[in-house]
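The values are calculated or read from the model by the stated rules, or taken from the named source; none is laboratory data. Treat the numbers as computed from the prediction; the structure is a model and nothing was measured. All Cβ positions, even for glycine, are placed from backbone atoms using ideal geometry, and neighbour counts span all protein chains on display. Just so you know, the surface numbers come from the protein's heavy atoms only, side chains and all, with ligands and any DNA or RNA stripped out. Shrake-Rupley method; radii C 1.70, N 1.55, O 1.52, S 1.80 Å.
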Amino acid sequence: MSDTVIPFNTNGRLLAKARAYMSALDELIEDNCQAIDTLIKAYAVADTDLKLKIVLMLGTVGDSQVLWPLYRIMTDAAETETLRHAAAVQLSLVAGMVPDAATDGLAESLLADLAHTDAILRANAAFALGWEGNQRAVPALIDTLCDEDAEVQQAAVSALSNIRDDRLFTCLAERLMRGSKEQQRCILYHLCCFTSKQREVVRICTHYLSHVDADLRYDALIVLDAVSGEKKPLPLYLQCLRDADARIREQALLYLALADESRLKGLTSHIRPLLEDHSPGIRQAAVRLLHHICDGLTAVGSPLAH
């Protein structure tokens, strides 16, 4: 009688175990070294969707052993841009959790990659260098703000913000005044990271509310509200109700509706003109806000705008 040979499906077992870790993160963390080894081996035979999930799981482990596997994924030109960027994000997160000594070689490699001819690699390297306290990367990242590629510039802005050093606020604020429009927009949004600089951020946003470019005015309004907390700057929102850009007028109405009702009394004269606005969205937002202030449709003095 001939022996029956049952094939041992190694790849299938690896993939099954990797998927099992997705629904059992506590087991993933508990297994640590064994889990890392399994995930790395499974990555080599996984489809694109599972590869992305494996990259995220490697970041979840938060162990220095995943740094170089993630780096190899980030630098592999054969991988998709999405996978490479995901690896860069996880690199930044893990590097901020492990001892400084574990990141020495990695930091050197990433700094060298900032000079690579591949803009995608430069951008990912810049982003990956943005872990909290990574002071050794600051000079190179500041130089990278002037990279010829806009996405690389924006990655450098993100990294400098993520290093969490308030001294870098001045650097970014100065760059804001002379950068390209896309870099200005990126910097405006990242100013929120500097929580101790709220007053300075409000001052910058107030200045940009009068900028000639409507996109920058809109961004400044969004950031202004984000950093203002409960102390909504109502006079600035009222200023925005007169903006030529419909997005800004409507957003200002929405922000006003979130303010304490007691602060809105007496503002109806600023809002009523928007009942005749050419934008239906603005007319509807104005009606809702007046209802909120006056506590009822009859107080508005006009039928619902359509």
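General remarks:
- Extension reserve of the D165-A214 stretch, reckoned as 0.36 nm per residue once the Cα distance is removed: 14.6 nm
- Accessible surface of V98 - all protein chains present, 1.4 Å probe, nearest 10 Å²: 20
- Mean sequence separation of contacting Cα pairs (under 8 Å, at least six apart), scaled by the length of the range 150-306, corresponds to a relative contact order of 13 percent.
- E200 paired with L258, simple spin-label distance in nm, labels 7 Å along Cα-to-beta-carbon: 2.5
- Added length on full extension, which subtracts the Cα-Cα distance from 0.36 nm per residue, D100 to S180: 25.4 nm
- Here the scattering of the range 212-252 is modelled by Debye summation over its C-alpha atoms, one equal scatterer each and no solvent; at q = 0.16, 0.33, 0.34 Å⁻¹ the log10 of I(q)/I(0) is -0.34, -1.24, -1.27.
- Against the set [x] 35, 25, 16; [y] 48, 26, 17; [z] 32, 28, 20, the structure's computed semi-axes √(5λ) of the Cα gyration tensor in Å falls on [y].
- Whether the range 170-223 is rounded, prolate or oblate, judged on the alpha carbon gyration tensor where a/c under 1.5 counts as rounded: oblate
- Take the Cα of A112, step 7 Å toward its Cβ, do the same at H278, and the gap between the two points is 5.9 nm.
- Where Cα atoms sit under 22 Å apart: lysine pairs in the chain separated by 8 or more or lying on different chains: 9
- Cβ crowding within 10 Å averaged over residues, with 258-267, 48-57, 182-191, 10-19 ranked highest first: 182-191, 48-57, 10-19, 258-267
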